[in-house]
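Each remark here refers to the structure printed beneath this line.
The values are calculated or read from the model by the stated rules, or taken from the named source; none is laboratory data. Computed from a predicted model, the values in this text were never measured in an experiment. Cβ placement follows ideal geometry from the backbone for every residue including glycine, while neighbour counts extend to all protein chains displayed.
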Amino acid sequence: MSRKAMWSCMPPAPNAVIAVIAATALSGCNAGIFDPHGPIGAADRLILVDSLAIMMVIGLPTILATLVFAWWFRASNRLARYRPTWVYSGRLEVIVWVIPALVVLFLGGIAWIGSHDLDPYQRLDSGKPPLEVEVVSMDWKWLFIYPDQGIASVNELVVPAARPVHFRLTSATVMNSFFIPQLGSQIYTMPGMITELNLIADQPGTYRGLSAQFSGDGFSDMKFDVHAVPDRDFTSWVAAAESGGPLDLNAYKTLLKPGTEPVPHVYNGVASKLFDAVAMPPPRASVHLPMPES
């Protein structure tokens, strides 16, 4: 079953719930997880909305029942029955256990389906070959390497619209988190490890990317723009990037120094297998310390 067909089988959440969530989340922001521009982001939104609707099945009645019970069993209500010796009701036990159990089952089902259908390592169905992008998180900037094009950019990601993008991600410093809310699927970057992510922007536009995990003083400025452009504009951008300087070992060491990059820039001519060297550095030579004399 395809990704689209899988999620179309799930019951939609009530429109009122969606409206309330969207109005709350987007009050003061016109872009985010409730404004997806890709199939992964749309599926993430559906999971969130459906999960909230399922939880409200028990949450709202519980809140309402609390108010009703407080009002009915007030001291001035002589119609309320006072039963200090009451200890058990089979009907109440069924209600108390069955409803939460159903909620857990429904939420577990959503999590089970979502964790398999939205596996970040799973390639997206498309008639176009994916664009390969290698991502390195630093203190406090993002480095994007295009191995097939031989270029790289800092704090700016340009991709063709309606074409899958296959990311390989790692960290040159501490553990971090790569997230483009409108495209979906946040994923971690870790030193000495490579993670993968597949996304697609279904239409041209500019989307905000960010670090979703605190990593130091410059964390708040560790943001980047994702420009989804038509194929011809992407080709033009790649050609224009050839005027940038090379990303050799010395340029990489300079870029690796802690600090933010106020202006995005591009490099032409990336050192061979730079990403692999960052992700899986060679083991350090053993250091033999002299033994103290007895």
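Can you name every residue in segment 175-231 that is over 24 Å from residue 263 (Cβ atoms) and in a strand (DSSP E or B)?
Those that are over 24 Å from residue 263 (Cβ atoms) and in a strand (DSSP E or B): 187, 188, 195, 196, 197, 198, 199.
Looking at (1) farther than 22 Å from residue 228 by Cα; (2) assigned to a loop (DSSP other than H, G, I, E, B), which one does residue 92 not meet, given that it meets all the others?
All conditions pass for residue 92, except number (2).
Give the residues of segment 214-231 that are surrounded by fewer than 16 Cβ atoms within 10 Å (Cβ to Cβ) and in contact with a Gly (Cβ under 9 Å, 6 or more places away or on another chain), sorted by residue number.
Result: 223, 225.
Which condition from (1) of a type in the set (Val, Ile, Thr); (2) out of contact with any Leu (no Cβ under 9 Å at 6 or more places or on another chain); (3) surrounded by 19 or more Cβ atoms within 10 Å (Cβ to Cβ) is the one that residue 235 breaks?
Unmet condition: (3).
Report every pair of residues separated by at least 6 positions or lying on different chains whose Cβ atoms are under 8 Å apart, first residue within segment 101-122 and within 20 Å of residue 57 (Cα to Cα), second surrounded by fewer than 16 Cβ atoms within 10 Å (Cβ to Cβ).
The qualifying pairs are 103/55; 103/57; 103/58; 107/55; 110/10.
Counting only residues that are of a type outside the set (A, V, I, L, M) and assigned to a strand (DSSP E or B), which one in segment 242-279 is surrounded by the most Cβ atoms within 10 Å (Cβ to Cβ)?
267
So for segment 124-133 (the condition being in contact (Cβ under 8 Å) with a residue 60 or more places away in the chain and of a type in the set (Lys, Arg)), does at least one residue qualify?
No; the residues of segment 124-133 include none that is in contact (Cβ under 8 Å) with a residue 60 or more places away in the chain and of a type in the set (Lys, Arg).
A quick yes/no check of all residues on (1) assigned by TED's automatic domain parsing to the domain that holds residue 232; (2) under 18 Å from the mean Cα position of the chain (by Cα):
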position: 75; (1), (2): no, no
position: 82; (1), (2): no, no
position: 101; (1), (2): no, no
position: 111; (1), (2): no, yes
position: 136; (1), (2): yes, yes
position: 153; (1), (2): yes, no
position: 159; (1), (2): yes, yes
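Being under 16 Å from the mean Cα position of the chain (by Cα), aliphatic (A, V, I, L, M), surrounded by 23 or more Cβ atoms within 10 Å (Cβ to Cβ) and closer than 21 Å to residue 280 by Cα narrows it down to one of 199, 183, 169, 143, so name that one.
169
So which residues in segment 46-77 are charged (D, E, K, R) and modelled with pLDDT under 90?
If the condition is that a residue be charged (D, E, K, R) and modelled with pLDDT under 90, then 50 is the only one that fits.
Go through segment 78-97 and count every residue that is loosely packed, with under 10 Cβ neighbours inside 10 Å and of a type in the set (S, T, N, Q).
Number of matching residues: 1.
If you check residue 119 against the conditions, is it more than 19 Å from the chain's Cα centre (by Cα), within 21 Å of residue 189 (Cβ to Cβ), modelled with pLDDT under 95 and not aliphatic (A, V, I, L, M)?
No.
With assigned by TED's automatic domain parsing to the domain that holds residue 253, more than 23 Å from residue 37 (Cα to Cα) and either among the acidic types (Asp, Glu) or touching a strand residue (DSSP E or B) at 6+ places or on another chain (Cβ under 9 Å) (or both) as the only criterion, which of 206, 173 stands out?
That would be 173, the only listed residue that is assigned by TED's automatic domain parsing to the domain that holds residue 253, more than 23 Å from residue 37 (Cα to Cα) and either among the acidic types (Asp, Glu) or touching a strand residue (DSSP E or B) at 6+ places or on another chain (Cβ under 9 Å) (or both).
Okay, residues lined up against (1) surrounded by fewer than 18 Cβ atoms within 10 Å (Cβ to Cβ); (2) more than 16 Å from residue 135 (Cα to Cα); (3) touching a Gly at 6+ places or on another chain (Cβ under 7 Å):
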position	(1), (2), (3)
203	yes, yes, no
209	no, no, no
212	yes, no, no
240	yes, yes, no
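Would you mind stating whether residue 242 is modelled with pLDDT under 95, under 24 Å from the mean Cα position of the chain (by Cα) and farther than 20 Å from residue 187 by Cα?
Answer is no for this residue.
In segment 139-174, what count of residues is obtained for those that are of a type outside the set (Asp, Glu), assigned to a loop (DSSP other than H, G, I, E, B) and under 15 Å from residue 270 (Cβ atoms)?
Going residue by residue through segment 139-174, those that are of a type outside the set (Asp, Glu) are 140-147, 149-155, 157-174.
If we keep only those that are assigned to a loop (DSSP other than H, G, I, E, B) as well, we get 140-141, 147, 149-150, 155, 161-164, 172-174.
Then keep just the ones that are under 15 Å from residue 270 (Cβ atoms); that gives 147, 149-150, 172.
Number of matching residues: 4.
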